[in-house]
Amino acid sequence: MLIGGFVCFAQLIVATPRLDAAYERLQQATTPSAVASVPTPPVQGPELVLWQAVRELRTSQLSNDRPTLERNLFTLSRLTGRADLGAWPNFALARAFAELAKARAPVLLSEGSLEGESHEESAWRNLRDAFRKDPEFDPARRFVLEVAVASGDRLMRRNQVEILGRMLNRDRPEADLLLVWGRHLRAEGQNDSALAAFDHSAELGGDLSRIALERARSLSAIGDSTGATRAYWAGFSPLTPAGRALYRQDFGWMLDPDSLQTFDSIPDGRLLAWVHRFWAERDAAAAARPGSRLLEQLRRWNVALGQYRALDPWRRAQFARVEFGFEGLDLPCPGSGTSLYELLARAQPTLPGDIRARESLLDHRGVIYLRHGEPAGKAVGMGPLSGVSVGQQEPPPPFLRQRIARSMEQNESWLYWIDGRWRLIHFRGSQALGYMAPTTMTSFLPVDFPEDWALRARLLPEYAGAAVRMSLSGGTKATDYRRCDVIAQSREDALVGARTDSDSPLITTPWNAVVQTFGVGDGGDGSGRVLVTFAIPGRGLHADAGPEGQLVYPITFRLVAYNRMLDSTIAIDTVRRFMRHDSLKAGEHLAGWFELPVMGGDWQVAVRAKQSNDSAGAYALAKRVTVSGGNGLALSDIVTGIADVGTPWNSLAGLFALNTLGAWPVGGTVELYYEVRGIPPRESYRSIVEVRSSDPKSMEGIRIQGTERSSGAVNGVRKSLALARLKPGSYRLIVTIESAGRRVQRERPLLVSARH
C-alpha cells in the first residue's frame, strides 16, 4: 500500500506540470478551434476527466454555450472532493467563474457556486478552497496576482484577505503580492505600513512605474507633500505599460472618456510633457503655486477613497443605472434629467482585466469630490422627517411615492464655483448605490419637500422664493415658473458638475468682488498685455492702523496667466495697501487694475485676492483672453468705462476711466476703448458698435456704424454710447471692424442695472 500510494503521488507530481502547461495553452486560445488544437497531456483516470472538463469549459466560454458550461461546472464540482487532484478542480472552477464575471454573464445557481453568490464571489471562494489544499499551487498564485492587481483599490473581502495571508507566508513573496497588500493596508488606514509594503515590492523587482503612483498617494495621506510630488513624477522614468494604465485610471476620475482619448494617443516618450502641461494649466487656473493642483488631487483621492466608498458594491452591481423614480413627475416644468442619468450610468474608471468592473468603487459624492474638491458649502436635508408634503393633481402610485420618500431620507446639496457661477449639486439615496447615505446624484430636488428646498436658501437664494411658493401652492401642481427656473438650473448644474473638473480654490467666505479681464496691445511688437480690473466690497475687510492714524487695507493678490500652446506661465504676486481716512461703508469698494505683459495668443487668466484668511477672499477665472500677435487686421478687447467716477488707466488714447463694477445705470453712458491694428495710415475702415439683448426673444438693442480713417499702425479708439433706450438686463456689446474685405470682431457682456 505504501509503495502503491507513493507511486500514485509520484505520478501526480510528474503530471501536474504537464497539466499546468496545457492549461495555460487553453487560456491563451481565443477560439473554439484553437482550443481543439491544444493536445491532451499524458494524463489518465481522474486527471483525464479533469482535463476534458476544463477543455470543454473553455470551449463553452468562447462559444457562449451556457448548457455545456453548466455541465462541466457540475463535473468539476464533483471532482473537488478527490484528494489526488489537489487544488486543480477548485482552481478551474474559480477561473471559470472569473471568466463569467468578465463576460458579465447572467448569474445562475450553478454547480460550484452558492445561492446568492455573484460570479466574483464564487471565483474567490473556490480560490480560497484551492489555497487551503495547496498554498504553493503556482497556477492559482499567478491567477490571484493577475486578478488582485487588476482590482486596484477595491476593498477585499474575507476570502481574498485569507488567500493573500496564505500567499504572504513565504520568505520571498511575489513583488505584485506586496503591491496588492500595500493597497489593502492603505484602505485600512495604515499608510506607513502600506509604504513599507510598496518599498519591499520595489526591492523584489516590482513595477516601479506603478509603485510610484501608489507611494505618492500614501505619502500624501501622511502629509509628506514633497515626497508625494517626487514619487508621482518618478513613475514616468521609465513609464511601463502597467504604470501607464494606472495613471490613465487616475486621470479617468477627472476626464471624460472622450478626453482620455487624447491621453491614449500620446506616445510614451511625450506623455511626461503632456502631464506637466496638464497640471501646469490647472495650477494656473487655480492661481496656485506650481505643483499645488497635483497635491490637491492626491489629497482629494485620499478623502474620496476614505469617506465615499460605495458600501457593499458587489451587491449593487446588477443595476445598469441609478434609479430616478421621481424624474418626470414635475410635468409642468419642461426638460428632463435623462442626460445626467445616462452619464452616471457609465462605468467608473477601472484597470485592464478587473473582474469587478461592474462595481462602483465610489458613490457619486466621491466622484464629484475628485472632480471639484471640498464644497464651499453644504446643506443637509430633512426628507420625510419634515412631515411636509405638497399635494399633486395626479399623485404617483403609492409604491413610487414611497420610493421617492425613502430616497430623500438622506439628502445633501454641495455648493461649488464652476464655470463662472455658483452651482448646487444634489445627492440622495438610491437602490443602486444605497439608502444609508446621500449616495446618488439627482438632477433636482423633488417638489414634495419644500422644507428641503428652504434649507438650500442659505446656499443659493433662488431656492427661498421657490420654497415659499411651493408651501403656498395649496396642494396644487400648477405651473410655477420660479420653481421651474430653479429646476432647469439644477439640471444644468448637475450636468456641468458631472462632466467637468474644476480648480477653484476653496473660499467659504467670498467677497463677491467684480473682476474683469481685457486683452490689449499686440504680442508682435511687445506691447501685448492682459488688463485686469477689480472692485472689492468693503464689507468684511479688516484694516490696519497706519503710521499717521489712517486706515490701511492690505490685499494680497496673485495673478496667473497661462498659454497652453506656448506652455508659458506668467505670474504676479503682490500686496496692495489701500489707505483711507475713514472705514469703508456699505456700498463702497476698493478698486484698481493690473497689467500682465504677455505674448500674442489665447491666455487663461486666474486672479486670487485675500487678506490673512485663506478661506475668505475673491477668485476669478477667465478661460480665454485673446491678445493679437501678427501683421494682419486685429482688434483688441473692448475696454469699458464710465465717465467721472471711473478708475483712471493709461490707454494709448490717454487716461481712460475704467468701470471696475462692470454695470451701468439705466439711462447712463458706457465709455468704450479698443485698439485697431493692421490698417495703413489714412486708409478708411468701417466700424460697427452693437448692443444686443442676451435674451434671443428680445428686440432691445442699439446699432451704430460709420466710416473712420486710420491714423497709423495702431488706432486707439474711444467712443461714448448712450444707454437711454435700454431696459435693465444683460446685453452683449459687439464691435466689428471691416477693412479691404477683411473683418474682425470682439464681444463682451454689458449689464444695465435699475439701480443708480
- Item | Full-extension gain in nm, R71 to K697, via 0.36 nm per residue minus C-alpha separation | 218.5 nm
- Query: Taking all protein chains as present, what is the carbon and sulfur share of the accessible area of the chain, in % to the nearest whole number, probe 1.4 Å?
  - Reply: 53 percent
- Message: Show log10 I(q)/I(0) for segment 510-604 at q = 0.24 Å⁻¹, two decimals, from a solvent-free Debye sum over equal Cα scatterers.
- Response: -1.20
- If you take the Cα Rg of segment 681-756 and divide it by 2.2 N^0.38 Å, with N the number of residues, what do you get? 1.27
- Please give the calculated 222 nm ellipticity per residue for the chain, where each DSSP H segment of at least 4 residues contributes -39500 (n - 2.57) and the sum is spread over every residue; nearest 500 deg cm²/dmol? -12000 deg cm²/dmol
- Message: Take R315 and E146, extend 7 Å from each Cα along the Cα→Cβ direction, and tell me the distance between the two endpoints in nm.
- Response: 3.1 nm
- Item | Separation in nanometres of the label points that stand 7 Å from Cα toward Cβ, at D525 and A586 | 5.0 nm
- Task: Give me the distance in nm between label points sitting 7 Å out from Cα along the Cα-to-Cβ direction at R421 and A457, one decimal.
- Result: 2.2 nm
- Message: Classify segment 418-471 from the C-alpha gyration tensor, please: rounded if a/c falls under 1.5, else prolate or oblate depending on whether a/b exceeds b/c.
- Response: oblate
- Item | Residue-normalised accessible area of the chain, given per residue in Å² at a 1.4 Å probe | 45 Å²
- Item | Placed amide H near G377: partners under 5 Å, 5+ positions off or other chain | L415
- Message: List the lysines whose Cα sits under 30 Å from the Cα of K727, skipping any in the same chain fewer than 8 residues away.
- Response: K585, K623, K697, K719
- Rg/Rh for segment 622-744: what does it come to with C-alpha atoms and Rh from Kirkwood? 0.97
- A correct Karplus calculation of ³J(HN,Hα) over segment 90-103, with 6.51 cos²θ - 1.76 cosθ + 1.60, θ = phi - 60°, whole Hz and x for Gly and Pro, returns 5, 5, 4, 4, 4, 5, 5, 5, 5, 5, 4, 5, 4, 7
- Note on the structure: A chain fully extended from E136 to D84 at 0.36 nm per residue, minus the present Cα-Cα distance, gains in nm 17.1 nm
- Enumerate the calculated ³J(HN,Hα) couplings along segment 199-205 in order (Karplus 6.51 cos²θ - 1.76 cosθ + 1.60, θ = phi - 60°), each rounded to whole Hz, writing x wherever the residue is Gly or Pro. 5, 5, 4, 5, 4, 8, x
- Applying 1/(1 + (r/R0)^6) with R0 = 45 Å to the Cβ-Cβ distance of E492 and V575, what FRET efficiency is obtained, to the nearest 0.05? 0.75
- Item | Residues whose placed amide H lies under 5 Å from that of T660, excluding near-sequence neighbours | T647
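How would the chain be classified by its alpha-carbon gyration tensor: rounded, prolate or oblate, with rounded meaning a/c under 1.5 and the a/b versus b/c comparison settling the rest?
Working: a/c = 2.49, a/b = 1.94, b/c = 1.28.
Prolate shape, in that a/c is at least 1.5 and a/b is the bigger ratio.
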- Message: Place a point 7 Å from Cα of Q27 in the direction of its Cβ. Which residues in segment 110-141 have their backbone N less than 12 Å from it?
- Response: 138-141
- Query: What FRET efficiency do you get for V303 and R104 if R0 is 30 Å and r is their Cβ-Cβ distance, rounded to the nearest 0.05?
  - Reply: 0.45
- In whole angstrom, largest first, the equivalent ellipsoid semi-axes that the Cα gyration tensor gives for segment 84-179 are 22, 16, 11
- Query: Given a Förster radius of 60 Å and the C-beta distance between A657 and M382 as r, what FRET efficiency does 1/(1 + (r/R0)^6) yield to the nearest 0.05?
  - Reply: 0.75
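The values are calculated or read from the model by the stated rules, or taken from the named source; none is laboratory data. The shown structure was predicted, so the numbers you read here are calculated from the model rather than taken from an experiment. Cβ: placed from backbone, ideal geometry, glycine included. Neighbour counts: every protein chain shown. When the accessible area is computed, the model is the full protein with side chains, heavy atoms only, and any ligands, DNA or RNA have been set aside. Shrake-Rupley method; radii C 1.70, N 1.55, O 1.52, S 1.80 Å.
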